Amino acid sequence: MAEIIRASHPAFHPERVSLVVTTRGRPQQFLEMAVSACGLIARPEETDLWVFLDEDDVTGRDLIATVNETPMAPFVNWLIAPRQAALGQAQNIVCAAALETSGLVLGYPDDFRLASPGWDDILRHAYRECPGRLALHYIQDPTAQPEQITIMAASKEWIDTIGYFIPAHFPYWFGDNWLDEVSQLAGMKRRLDIVQVADGGKGKTRRMWNLPFWSRYYRLCRLERLRDALKLTEAAGDAVRSADLRARLEAERSVPLPAHENSLRNVITELRLSSETAPPNRSYLEAEARACRQLSEWASRDPAAFHGFEIDGFDVDAALAASDLATGVSQVEQQRICKALLSGRAWGAIAEETGVGVGRLLEWRNAAALTLQLVQG
């Protein structure tokens, strides 16, 4: 159950702007971000911040108290809830609260700073120029490739049409890639003339486990992105683009989806960028299990597109109960298991199947990946 602490109770306005932030354990970074954002607001009466805090974040209550002693207090609303398995879930929850009063939302990280005076009016003006306000606007990320979406804004109309602000499938990454592709397919990708600063560049990624699995999963979601784009073009009354998307959707449903990834490259990327040193926890494994169930549903709807792909389902409790000691596993069997770990299968399914706990699987996979890197490199 979420606890909501509102700074005020304004009436809904389509041009009210909410900056939507998820933060955990980084109070100083959040404060620096919030100070930059609040100090550059053009229309304070129609702009606010909405912040998602995990209820088990030990820094959360102190952060609220600190903000309440600053001039920012009238702008900042808080939503405190259990930690979500996927980052997109948290963002959608806090976004839904913001949309009760605001017609425009800008999702923002806690480790960047806005640098454009009147950023809120820039966003309002951009949406006035969009027919039906159906577009996805983004701010150029100085740490990303040019034109790559990582920080995006959306209207209530956009979110109501596709049903989410960020796709809630992924524990980390991929949600922005998803929206980048959907907005391009729909012809609705727009850049905002807003400048921002990323102090220190990109940091490590939280909740980052099993990049081969999630890369494979993202590719297998291709039809869902086409369907989302089609919803948008149909809502916009774009008959030509809608007809093209329907034709592409029917064509791609009849051929196997591309799911091949360079698993070794993905593992090395994970080892370099993940902030996680412990084995995958229950929350993460539940995200993998949910993804497997979704793939099974989609495979039953589009069997030709999923032809040849084995979709693993697994019991999270059985995976967590597997032994990390892995006694009696031969070297040949261990090599077979490592091959499965590098293929992008769900870890929980492998743990349940082999009786080897997810902690030991992580250790084996990393050792195997590093050995292969030395051999190939």
- Item | Single condition Pro146 does not satisfy, out of (1) open to solvent by 10 Å² or more (accessible area, probe 1.4 Å); (2) within 20 Å of the chain's Cα centre (by Cα); (3) touching a residue at least 12 places away in the same chain (Cβ under 8 Å) | (3)
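Residues that are in a helix (DSSP H, G or I), modelled with pLDDT of 95 or more and open to solvent by 10 Å² or more (accessible area, probe 1.4 Å): does the range 45-53 have at least one?
Residues of the range 45-53 in a helix (DSSP H, G or I): 45-46.
Still in the list and also modelled with pLDDT of 95 or more: 45-46.
If we keep only those that are open to solvent by 10 Å² or more (accessible area, probe 1.4 Å) as well, we get 45-46.
Yes; the residues of the range 45-53 include at least one that is in a helix (DSSP H, G or I), modelled with pLDDT of 95 or more and open to solvent by 10 Å² or more (accessible area, probe 1.4 Å).
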- Query: Based on what the data block shows, is Thr371 of a type in the set (S, T, N, Q), over 28 Å from the mean Cα position of the chain (by Cα) and crowded, with 18+ Cβ neighbours inside 10 Å?
  - Reply: no
- Note on the structure: Of the conditions (1) in contact with a Ser or Thr (Cβ under 9 Å, 6 or more places away or on another chain); (2) modelled with pLDDT of 90 or more, the single one that Glu261 does not satisfy is (2)
- Task: Go through (1) open to solvent by 10 Å² or more (accessible area, probe 1.4 Å); (2) over 21 Å from Ala168 (Cα atoms); (3) outside any strand (DSSP E or B) one by one and return the number of the condition Arg113 breaks.
- Result: (3)
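Residues are listed down the side, and each one gets a yes or a no for (1) modelled with pLDDT of 95 or more; (2) surrounded by 14 or more Cβ atoms within 10 Å (Cβ to Cβ); (3) touching a helix residue (DSSP H, G or I) at 6+ places or on another chain (Cβ under 7 Å); (4) part of a strand (DSSP E or B):
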| position | (1), (2), (3), (4) |
| --- | --- |
| Ser18 | yes, yes, yes, yes |
| Ala65 | yes, no, no, no |
| Leu79 | yes, yes, yes, yes |
| Gly88 | no, yes, yes, no |
| Val94 | yes, yes, no, no |
- Query: Taking the range 310-368 as the search range and keeping residues that are of a type in the set (Phe, Trp, Tyr) and assigned to a helix (DSSP H, G or I), which one is most open to solvent (accessible area, probe 1.4 Å)?
  - Reply: Trp364
- Considering the range 174-214, residues that are buried (at least 22 other Cβ atoms within 10 Å of the Cβ) and among the small types (Gly, Ala, Ser), and then whichever is nearest to the chain's Cα centre (by Cα), we arrive at Gly175
- Message: Testing Arg272 on (1) part of a helix (DSSP H, G or I); (2) crowded, with 21+ Cβ neighbours inside 10 Å; (3) among the basic types (Lys, Arg), one condition comes back false. Which one is that?
- Response: (2)
- Message: Quick check on this structure: which one of Pro131, Pro171 is under 20 Å from the mean Cα position of the chain (by Cα) and modelled with pLDDT under 95?
- Response: Pro171
- Task: For residues that are open to solvent by 60 Å² or more (accessible area, probe 1.4 Å) and either closer than 17 Å to His260 by Cα or in contact with an Asp or Glu (Cβ under 6 Å, 6 or more places away or on another chain) (or both), tally how many sit in the range 297-308.
- Result: 2
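Take Thr101 and decide whether it is hydroxyl-bearing (Ser, Thr, Tyr), within 24 Å of Leu40 (Cα to Cα) and surrounded by fewer than 18 Cβ atoms within 10 Å (Cβ to Cβ). Quick ask: steps written out before the conclusion?
Working: hydroxyl-bearing (Ser, Thr, Tyr): yes; within 24 Å of Leu40 (Cα to Cα): yes; surrounded by fewer than 18 Cβ atoms within 10 Å (Cβ to Cβ): no.
Criteria not met by Thr101.
The values are calculated or read from the model by the stated rules, or taken from the named source; none is laboratory data. Since we're looking at a predicted model, the values are computed, not measured. All Cβ positions, even for glycine, are placed from backbone atoms using ideal geometry, and neighbour counts span all protein chains on display. Heads up: the accessible areas ignore ligands, DNA and RNA and are worked out on the full protein's heavy atoms, side chains in. Shrake-Rupley method; radii C 1.70, N 1.55, O 1.52, S 1.80 Å.
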